[in-house]
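The values are calculated or read from the model by the stated rules, or taken from the named source; none is laboratory data. Note that the coordinates shown come from a computational prediction; the quantities given were computed from them, not determined experimentally. As a convention, Cβ positions derive from the backbone with ideal geometry for all residues, glycine included, and neighbour counts pool all protein chains shown.
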Amino acid sequence: MGERSHSSINRFQKLLRPFGAHHECDWMNVTVVLCTCNRCSSLTSALDSLAAQLLPESIRWEVIVVDNNSTDDTREVAEGYCRKHPERFRYVFEPRQGLSRARNAGIRAARGEVVAFIDDDVIAEPSWLRNITASLLHGKWAGAGGRIVPPQCFTAPEWLTVGGETDLVGALLPLFDLGDQAGEMKRPPYGTNMAFRKDMFDKHGMFRTDLGRCGGSLLMGEDTEFGNRLMSAGECLRYEPLAVVEHPVPKERLSKKWFRAWWFGFGRTRILERAARPPIFGIPHPFFSLANLVLRFLPVRTLQWVFTLNVRSRFYNYCQVWLILGEIAQTYRKLIEGTRVNRQRPSQSNSL
């Protein structure tokens, strides 16, 4: 059955709900999708925080744990929660690697009118799910995002800039805090604390599978791309400051090697998110972008890195060099792929 048919059935069930004409197992108010891959050690804390969520008795909700082809004890951990809370937890296996594919699998399996997303390494406050979804069950809002905060005990290394224009904490943690006032967002939420009405995926499509984490790749941006897609289409997203999750700091990220890899992946992501541009005088646009990056931006950032004395400013410029290198790598790949497609395309004369 296609997605449009499922959407029609969901709308029909919603109309009949006040008259009791729906099956208890076929419908939920809210589905939480948690995707995981080889993180069984941190998964327990995340699932414990979800099992402890406090919602009104009138709200029916479920948690779907999407195992993205793990090779550790993830399945055993997840199925343990399914046995302990059979009315609440479900296990789904997605063999195709990639966070976007796992999230899309969770969406397809979801029975809720609203789908909330959380990561496998965060801890949600007990009121998180109620607060992140309350505005989506009624009214104009298409989606919502909440706060992502660091642990209270977090102390940054001496080379890491926290706050200001040269802030680098975003590579360490996906922090998100727009203040204390709820209201419409002008920027998209992050994937570890966001929710959308399920019909938004029918209307605007699923998460892009060419973006997002996949194996050892640090590509990202499938979450923010979807939020931007909705806002560009005129949908409204709400900021919920009381929907809070705490994001721990993995030890492996407290290294300069991690930051170098993250900024390189971020550079690749920026190029992937950009729409294709037309050729200039028959020359592919990526050729000009590549020349601009190599001849203009890279030398300037390299000089700033080499000649900056302040430790934190120096490391910030170092990260910017790797951002540009990521952009160069992805732009070159786009140029090569475009050239290959043009060579494979039959000439107009041959097609006549």
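Do we have any residue at all in region 153-175 that's free of Cβ contacts under 8 Å to residues at least 60 places away in the same chain, outside any helix (DSSP H, G or I), more than 30 Å from Gly326 (Cα to Cα) and assigned by TED's automatic domain parsing to the domain that holds Ala243?
yes
One residue is enough: does region 238-245 have a residue meeting the conditions over 28 Å from Ser42 (Cβ atoms) and either buried (at least 22 other Cβ atoms within 10 Å of the Cβ) or of a type in the set (Lys, Arg) (or both)?
Scanning region 238-245, I find at least one residue that is over 28 Å from Ser42 (Cβ atoms) and either buried (at least 22 other Cβ atoms within 10 Å of the Cβ) or of a type in the set (Lys, Arg) (or both), so the answer is yes.
Tell me, yes or no, whether region 200-212 has at least one residue that is in contact (Cβ under 8 Å) with a residue 24 or more places away in the chain and assigned to a strand (DSSP E or B).
No: region 200-212 contains no residue that is in contact (Cβ under 8 Å) with a residue 24 or more places away in the chain and assigned to a strand (DSSP E or B).
Do we find a residue being touching a His at 6+ places or on another chain (Cβ under 6 Å), buried (at least 20 other Cβ atoms within 10 Å of the Cβ) and in contact (Cβ under 8 Å) with a residue 24 or more places away in the chain anywhere in region 136-148? Quick ask: steps written out before the conclusion?
Looking only at region 136-148, we keep the residues that are touching a His at 6+ places or on another chain (Cβ under 6 Å), and these are 148.
Keeping just the survivors that are buried (at least 20 other Cβ atoms within 10 Å of the Cβ) gives 148.
With in contact (Cβ under 8 Å) with a residue 24 or more places away in the chain added as a condition, the list becomes 148.
Yes: one or more hits.
Could you say whether any residue in region 64-83 is aromatic (Phe, Trp, Tyr) and without any contact (Cβ under 8 Å) to a residue 40 or more places away in the chain?
There is at least one residue in region 64-83 that is aromatic (Phe, Trp, Tyr) and without any contact (Cβ under 8 Å) to a residue 40 or more places away in the chain.
For region 187-217, which positions are surrounded by 19 or more Cβ atoms within 10 Å (Cβ to Cβ), within 20 Å of Asp120 (Cα to Cα) and of a type outside the set (S, T, N, Q)?
Step one: list which residues in region 187-217 are surrounded by 19 or more Cβ atoms within 10 Å (Cβ to Cβ), which gives 188-198, 200-201, 207, 211-214.
Next, only the ones that are within 20 Å of Asp120 (Cα to Cα) stay: 189-196, 207, 211-214.
Pro189, Tyr190, Gly191, Met194, Ala195, Phe196, Phe207, Leu211, Gly212, Arg213, Cys214, listed by residue number.
Let me confirm something: among Thr302, Thr339, which residue is over 28 Å from the mean Cα position of the chain (by Cα), modelled with pLDDT of 95 or more and surrounded by 13 or more Cβ atoms within 10 Å (Cβ to Cβ)?
Thr302
Of all the residues that make up region 96-140, how many are of a type in the set (A, V, I, L, M, F, W, C) and in contact with a Gly (Cβ under 8 Å, 6 or more places away or on another chain)? Give the derivation first.
First pass over region 96-140, keeping only residues of a type in the set (A, V, I, L, M, F, W, C): 99, 102, 105, 107, 109-110, 114-118, 122-124, 128-129, 132, 134, 136-137.
Next, from what is left, pick out any that are in contact with a Gly (Cβ under 8 Å, 6 or more places away or on another chain): 99, 115, 117, 128, 132, 136.
Count: 6.
Being among the charged types (D, E, K, R), in a helix (DSSP H, G or I), modelled with pLDDT of 95 or more and not assigned by TED's automatic domain parsing to the domain that holds Thr331 is the requirement here; does Arg229 meet it?
Yes.
Quick one: in region 168-186, of everything that is closer than 20 Å to Val244 by Cβ and surrounded by fewer than 16 Cβ atoms within 10 Å (Cβ to Cβ), which residue is modelled with the lowest pLDDT? Steps first, please.
Kept after step one, since they are closer than 20 Å to Val244 by Cβ, are these residues of region 168-186: 169-170, 172-185.
Among the residues that remain, those that are also surrounded by fewer than 16 Cβ atoms within 10 Å (Cβ to Cβ) are: 170, 175, 177, 179-181, 183-184.
Numbers: Gly170: 77, Leu175: 85, Asp177: 90, Gly179: 92, Asp180: 95, Gln181: 95, Gly183: 96, Glu184: 96.
So, considering only residues that are closer than 20 Å to Val244 by Cβ and surrounded by fewer than 16 Cβ atoms within 10 Å (Cβ to Cβ), the one modelled with the lowest pLDDT is Gly170.
List the number of the failed condition for Ala275; all other conditions in (1) in contact (Cβ under 8 Å) with a residue 12 or more places away in the chain; (2) within 30 Å of Arg103 (Cβ to Cβ) hold.
(1)
Can you work out which of the residues in region 249-264 that are in a helix (DSSP H, G or I) and either touching a strand residue (DSSP E or B) at 6+ places or on another chain (Cβ under 7 Å) or of a type in the set (A, V, I, L, M, F, W, C) (or both) is surrounded by the fewest Cβ atoms within 10 Å (Cβ to Cβ)?
So, considering only residues that are in a helix (DSSP H, G or I) and either touching a strand residue (DSSP E or B) at 6+ places or on another chain (Cβ under 7 Å) or of a type in the set (A, V, I, L, M, F, W, C) (or both), the one surrounded by the fewest Cβ atoms within 10 Å (Cβ to Cβ) is Trp258.
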